[in-house]
1. Which members of region A:201-228 meet the condition of being basic (Lys, Arg) and in contact with a helix residue (DSSP H, G or I) (Cβ under 6 Å, 6 or more places away or on another chain)?
2. Output the number of residues of region B:135-147 satisfying the condition of being within 18 Å of the chain's Cα centre (by Cα) and either open to solvent by 30 Å² or more (accessible area, probe 1.4 Å) or modelled with pLDDT under 95 (or both).
3. Would you check which residues across region A:231-270 are at positive phi and over 20 Å from the mean Cα position of the chain (by Cα) and list them?
4. Kindly evaluate B:Leu5 against the criterion of being in a helix (DSSP H, G or I) and open to solvent by less than 20 Å² (accessible area, probe 1.4 Å).
5. Output the number of the condition that B:Ile181 fails; it satisfies all remaining conditions of (1) of a type in the set (A, V, I, L, M, F, W, C); (2) within 20 Å of the chain's Cα centre (by Cα); (3) buried (at least 17 other Cβ atoms within 10 Å of the Cβ).
6. Looking at this structure, is B:Gly34 among the small types (Gly, Ala, Ser) and within 14 Å of another protein chain (Cβ to nearest Cβ)?
7. Assuming A:Ser125 fulfils every condition listed in (1) open to solvent by less than 10 Å² (accessible area, probe 1.4 Å); (2) more than 9 Å from chain B (Cβ to nearest Cβ); (3) among the polar types (S, T, N, Q) apart from one, which condition is it?
8. Tell me, yes or no, whether region A:159-168 has at least one residue that is surrounded by 22 or more Cβ atoms within 10 Å (Cβ to Cβ), within 16 Å of A:Pro102 (Cβ to Cβ) and either in contact with a Lys or Arg (Cβ under 6 Å, 6 or more places away or on another chain) or free of Cβ contacts under 8 Å to residues at least 12 places away in the same chain (or both).
Protein chains: 2
Amino acid sequence: MFTGLSAFPLTPMNEKGIKERELICLVEHLANAGVDSIGVLGSTGSYVYLSQEERARVAQLSVESAASVPVVVGIGALRTRDVLANAENAQKAGASGVLLAPVSYQKLTDNEVFDLYETVCRSLSVPLCVYDNPGTTHFEFSDELHGRIAQLSQVHSIKIPPVADEVEVARARVERLRKLIPDGVTIGISGDAVAGVGLRAGCDAWYSVFGGLFPRQALAITGAAQKGDMQLIQTLSEALEPLWALYRDYGGSLRVAATLAEITGKASQPCLPQPLKTLQGDDRKRVEHVLEQLGLA
Amino acid sequence: MFTGLSAFPLTPMNEKGIKERELICLVEHLANAGVDSIGVLGSTGSYVYLSQEERARVAQLSVESAASVPVVVGIGALRTRDVLANAENAQKAGASGVLLAPVSYQKLTDNEVFDLYETVCRSLSVPLCVYDNPGTTHFEFSDELHGRIAQLSQVHSIKIPPVADEVEVARARVERLRKLIPDGVTIGISGDAVAGVGLRAGCDAWYSVFGGLFPRQALAITGAAQKGDMQLIQTLSEALEPLWALYRDYGGSLRVAATLAEITGKASQPCLPQPLKTLQGDDRKRVEHVLEQLGLA
């Protein structure tokens with residue numbers, strides 16, 4: 001489950017609630033494309049902006065819509081109490097795994113984060129993926145802490161943040177981490193723009209925002225990785241550079257992905273939780289242009 | 001209301017809920033001491049860790065316990081929808097004002113933050129204090145954005161993050177901001193360690209964690225400021241240096257304040273929301289020592 005392409009769909013919503021029909025279509029599209037897993041309620045799924053009840057509903061609808069494809073559900077929250085409730089709801093919904101980031105408001109210590117994972121793992125009957133995303137959680141994992149947490153038997157994967165552009169530097173980073181974690185715990189790359197580099201550097205999985213909208217194109221890249229075709233990974237990934245440039249210029253992947261979903265009719269406007277907004281005006285035109293340029297329209 | 005000492009109490013809690021009796025005692029203690037306002041559900045009050053219902057209850061209990069002292073209630077949340085609900089609940093509870101930080105998970109743009117304040121101000125019948133706390137919100141206000149937001153008629157104060165140690169540098173910063181905001185919008189300093197410098201640099205208020213536990217000692221400092229006794233502010237504030245050193249060494253004020261509350265019997269252990277923990281072992285002994293050294297025990 002924690003190898004190959006893990007596709008992360010948006011959770012289309014407005015201020016009243018989740019757009020259930022659109023969510024179902026997004027998940028069905030991923031399942032039909034044959035992704036290896038579907039990661040709902042990741043950062044792309046705006047998990048932290050939803051109520052516990054809404055999150056339980058997203059988990060339930062996603063599992064129902066994913067056919068035989070495993071669904072991994074994000075359970076992160078500021079408070080351990082809420083993480084435990086989300087974990088229980090995800091498991092009740094039939095999630096095959098859970099994803100947990102150390103979401104913070106007050107900066108967390110290493111021991112607090114370790115205790116969080118230990119407490120949550122004790123309550124789990126499905127595997128957990130550690131979600132390392134300092135850009136949103138503002139928590140920096142040391143490799144040593146990853147090593148400690150990965151000893152917990154429920155931990156089956158680590159979703160690492162973007163690696164260096166340089167493949168040899170990225171490989172050294174992946175290998176350093178690999179030495180500290182048990183065999184069988186996979187390492188997956190997030191940060192679409194360097195996913196190609198991450199896969200060439202030995203990552204087992206791509207936790208992918210791009211794959212949540214364009215699963216076939218993303219599967220071509222993970223397929224190349226599974227065949228060991230380094231050149232093809234690089235070619236396919238670098239061809240998407242105009243899209244990665246949008247991520248860089250618009251504060252990350254979320255607003256770009258949500259704008260793409262609106263443009264392609266996968267989500268109706270608005271689809272992000274306020275105060276977040278999709279791109280408008282000239283910025284939106286630029287996204288439309290890239291979409292056509294890349295033949296993704 | 002947004003001048004002098006605004007004291008920020010903890011919200012004592014465990015994993016089951018709020019410790020109402022302890023909260024009431026904290027608020028009564030502040031009211032009896034004669035603070036100028038009480039800021040509940042600030043960062044020190046762990047607002048983001050509580051449910052909407054718990055926050056409404058804290059607001060209600062605080063207003064009931066504060067006698068004639070104005071209560072300012074923190075209404076920040078990741079989502080505009082939830083901020084609006086918190087604002088309504090705070091007003092229903094009888095809050096005299098509200099405090100709003102641009103809490104983020106996805107990094108916010110200036111326009112998103114402006115729209116948030118504009119939307120919330122439209123729904124308010126009480127004054128609002130803009131809460132600028134980049135250490136927890138990870139949003140950096142420009143002075144220009146402060147200027148735009150401060151034009152909204154409900155905005156009556158700005159709670160600024162720590163200023164430079166050097167009083168002339170701090171004064172220049174306060175004066176730069178002052179030029180961009182309407183007359184009558186006050187500027188308050190947070191960051192206890194530099195509050196003395198902030199007051200000497202012309203801040204109108206001290207938004208104080210220390211004052212939430214030791215209001216009389218904090219009132220001595222704001223009293224000196226109101227009399228223009230710069231030397232006394234400096235002397236009193238610098239005398240507390242061993243406490244400020246604890247803040248620096250333990251990742252900010254919250255864990256130290258919560259540990260102090262436990263040690264002095266103002267809160268029973270545990271009092272912070274998991275995964276946050278108060279200081280234990282040698283770290284706790286160090287806090288006890290400082291408490292005795294400063295005569296605060």
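1. Step one: filter region A:201-228 for residues basic (Lys, Arg), giving A:216, A:227.
The one that is basic (Lys, Arg) and in contact with a helix residue (DSSP H, G or I) (Cβ under 6 Å, 6 or more places away or on another chain): A:Arg216.
2. Qualifying residue count for the region: 3.
3. Residues of region A:231-270 that are at positive phi, as a first pass: A:251-252, A:265.
Answer for region A:231-270, where residues must be at positive phi and over 20 Å from the mean Cα position of the chain (by Cα): just A:Gly265.
4. On the way: in a helix (DSSP H, G or I): no; open to solvent by less than 20 Å² (accessible area, probe 1.4 Å): yes.
No.
5. Exception for B:Ile181: condition (2).
6. On the way: among the small types (Gly, Ala, Ser): yes; within 14 Å of another protein chain (Cβ to nearest Cβ): no.
Here the answer is no, as B:Gly34 does not meet what is asked.
7. (1)
8. Our first condition is that a residue be surrounded by 22 or more Cβ atoms within 10 Å (Cβ to Cβ); within region A:159-168, this holds for A:159-160, A:163.
Filter once more, so that each one left must be within 16 Å of A:Pro102 (Cβ to Cβ): A:159-160.
Now restrict to residues that are either in contact with a Lys or Arg (Cβ under 6 Å, 6 or more places away or on another chain) or free of Cβ contacts under 8 Å to residues at least 12 places away in the same chain (or both): none.
Scanning region A:159-168 turns up no residue that is surrounded by 22 or more Cβ atoms within 10 Å (Cβ to Cβ), within 16 Å of A:Pro102 (Cβ to Cβ) and either in contact with a Lys or Arg (Cβ under 6 Å, 6 or more places away or on another chain) or free of Cβ contacts under 8 Å to residues at least 12 places away in the same chain (or both).
The values are calculated or read from the model by the stated rules, or taken from the named source; none is laboratory data. Please read these numbers as outputs of a predicted model, since none were measured by experiment. Quick reminder, even Gly has a Cβ in these numbers, built from the backbone with ideal geometry, and neighbours come from all protein chains shown. Remember, those area values only see protein heavy atoms, side chains included, never the ligands or the DNA or RNA. Shrake-Rupley method; radii C 1.70, N 1.55, O 1.52, S 1.80 Å.
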